[in-house]
Amino acid sequence: MGGANGGAVASHLVTRELSRFLPAMIGDFTQAGSLEPTILEAILATHDYVSEVGNGRIELLGMGATVVAAMFFRGEVHFGHVGDSRLYRFRGGELQQLTHDHSYVGRLQETGELSEQEAREHPRRNLLYQAMGGRCSEIEPQVSSTDLEVGDWFLICSDGVIDGLWDRDLLEAFTNAESLKVPPEDVGSQLLDWACEQSGTDDTTLFVIHVEEDRASEEVESRSS
């Protein structure tokens, strides 16, 4: 969280602890049932740990971070979210924000009280009501899932990307990527450079995922037919 004490430390702890908690909680992926309760438990445990570390050191008091954790498994993506980092899906020419910003302005935009432009210009646009740590005694992460289709694009990003790019920019980038067969690593680099050129005032992190056909399964089926 930009501007908070120890924001870089909090981000590091969230990344490290979720990477540790989730595999330990899930165990053998082939035997896993619903992943959503596990993701929720891992995020809550990570929040408690970040809060404990922050409360134990005066120089880190109030440190916090946002998070989007997504797991692609068995034809679905399961995700958990706290703060104003985002998960988008581009499918069939349409861009959809799958997460809901845990912010004052995000809530107004979701209910239609603010447009995208009004939200960007609002004086309280950076005010979060949920974060990992950040002196939040309790959090209610958004945890959900959606199906995967061949051709889907997903964008996981911090608010630094959104500060520089509008929804129409993301839509344009993925529309071009789909029509020109641009690989996801190139799409990610283009979005990162574009966001930094347009804003570049906040931490900017992103992942781009493209769902493709399982070539190995097709080859096995072809040999066995």
message: Condition first: of a type in the set (Gly, Ala, Ser), out of contact with any strand residue (DSSP E or B) (no Cβ under 9 Å at 6 or more places or on another chain) and either over 15 Å from Glu140 (Cα atoms) or at pLDDT 95 or above (or both). Can you find one or more residues in segment 43-53 that meet it?
response: no
- request: Evaluate segment 45-67: report whether one residue or more is under 23 Å from Leu155 (Cα atoms), out of contact with any Gly (no Cβ under 6 Å at 6 or more places or on another chain) and assigned to a strand (DSSP E or B).
  value: yes
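Which of the residues spanning segment 103-127 are touching a Leu at 6+ places or on another chain (Cβ under 6 Å) and more than 26 Å from Thr175 (Cβ to Cβ)?
Answer for segment 103-127, where residues must be touching a Leu at 6+ places or on another chain (Cβ under 6 Å) and more than 26 Å from Thr175 (Cβ to Cβ): Ser103, Tyr104, Leu108.
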- request: Go through (1) at pLDDT below 95; (2) under 16 Å from Val68 (Cα atoms) one by one and return the number of the condition Arg125 breaks.
  value: (2)
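The values are calculated or read from the model by the stated rules, or taken from the named source; none is laboratory data. Owing to the predicted nature of the structure, the values given are computational and were not obtained by experimental measurement. FYI the Cβ positions are ideal-geometry reconstructions off the backbone, even for glycines, and counts take in every protein chain you see.
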